[in-house]
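J.: So that we are looking at the same thing, I have put the structure below in structure tokens.
The values are calculated or read from the model by the stated rules, or taken from the named source; none is laboratory data. Please read these numbers as outputs of a predicted model, since none were measured by experiment. Heads up, the Cβs are rebuilt from the backbone with ideal geometry, glycines too, and the neighbour counts pull from every protein chain shown. Heads up: the accessible areas ignore ligands, DNA and RNA and are worked out on the full protein's heavy atoms, side chains in. Shrake-Rupley method; radii C 1.70, N 1.55, O 1.52, S 1.80 Å.
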Amino acid sequence: MLLRRMLLITGLVMGAAPLAAAEVAVSDAWVRGTVPGQMGTGAFMRLTSPVDATLVGVASPAAKVVELHEMKMEGGMMKMSAIHRLPLPAGKVVELKPRGYHVMLMDLARPLKDGDTVPLSLTFEDKAGARQTIVVKASVRALGK
């Protein structure tokens with residue numbers, strides 16, 4: 001029984017090793033503050049992966065709906081739409097920023113004010129399909145900052 005448990009633990013640790021080696025670096029995570037009654041806002045950050053990976057999901061207790069979005073020019077108009085995956089080429093910084101790729105937080109649980117922090121759970125997938133979730137605490141910046 002003890003040997004069986006040790007083998008199970010060893011298997012779990014060995015199985016987790018490739019994910020730890022390929023951990024995505026998240027920096028400059030922030031969320032735009034809101035005004036009373038505002039039900040949505042954006043989250044922004046810089047992502048760098050040492051290997052080719054993909055951001056495949058985002059969740060947060062701060063909002064009922066959390067989606068990856070992109071903004072791009074179409075026919076002379078800026079359009080925003082949800083995307084399901086965001087590729088992260090090895091060694092390149094992928095920036096989530098206003099008027100570009102970003103995370104939308106919709107149906108907020110409460111207003112977000114300057115100085116608050118918002119937990120974001122980011123789920124990444126490597127080429128082999130292995131997934132890793134990183135929890136980030138994004139600082140809230142007041143509108144206009």
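J.: Being under 25 Å from residue 142 (Cβ atoms), modelled with pLDDT of 95 or more and open to solvent by less than 60 Å² (accessible area, probe 1.4 Å): is that true of residue 45 here?
T.: Against the criterion (under 25 Å from residue 142 (Cβ atoms), modelled with pLDDT of 95 or more and open to solvent by less than 60 Å² (accessible area, probe 1.4 Å)), residue 45 qualifies.
J.: Would you mind stating whether residue 75 is surrounded by fewer than 17 Cβ atoms within 10 Å (Cβ to Cβ) and either at pLDDT below 95 or at negative phi (or both)?
T.: The answer is yes for residue 75.
J.: Next question, about the same structure. Is it the case that some residue within the range 91-105 is open to solvent by less than 60 Å² (accessible area, probe 1.4 Å), of a type in the set (Gly, Ala, Ser) and not in a loop (DSSP other than H, G, I, E, B)?
T.: No, there is no match, as no residue in the range 91-105 is open to solvent by less than 60 Å² (accessible area, probe 1.4 Å), of a type in the set (Gly, Ala, Ser) and not in a loop (DSSP other than H, G, I, E, B).
J.: Of everything in the range 117-131, what is in contact (Cβ under 8 Å) with a residue 12 or more places away in the chain and either surrounded by fewer than 18 Cβ atoms within 10 Å (Cβ to Cβ) or in contact with an Asp or Glu (Cβ under 6 Å, 6 or more places away or on another chain) (or both)? Give them in sequence order.
T.: 117, 119, 121, 123, 125, 127, 128, 130, 131 - these are the residues of the range 117-131 that are in contact (Cβ under 8 Å) with a residue 12 or more places away in the chain and either surrounded by fewer than 18 Cβ atoms within 10 Å (Cβ to Cβ) or in contact with an Asp or Glu (Cβ under 6 Å, 6 or more places away or on another chain) (or both).
J.: For residue 34, work out the one condition from (1) in contact with a strand residue (DSSP E or B) (Cβ under 6 Å, 6 or more places away or on another chain); (2) in a strand (DSSP E or B) it doesn't fulfil.
T.: (2)
J.: Is there a residue in the range 13-28 that is modelled with pLDDT under 95 and closer than 27 Å to residue 114 by Cα?
T.: no
J.: Residues of the range 52-90 being under 20 Å from residue 25 (Cα atoms), in contact with a Pro (Cβ under 9 Å, 6 or more places away or on another chain) and outside any strand (DSSP E or B), which ones?
T.: Of everything in the range 52-90, those that are under 20 Å from residue 25 (Cα atoms), in contact with a Pro (Cβ under 9 Å, 6 or more places away or on another chain) and outside any strand (DSSP E or B) turn out to be 52, 60, 90.
J.: Report every pair of residues separated by at least 6 positions or lying on different chains whose Cβ atoms are under 6 Å apart, first residue within the range 63-84 and within 17 Å of residue 120 (Cβ to Cβ), second part of a strand (DSSP E or B) and of a type outside the set (A, V, I, L, M).
T.: 63/107; 64/107; 65/107; 69/102; 82/67; 82/69; 83/70
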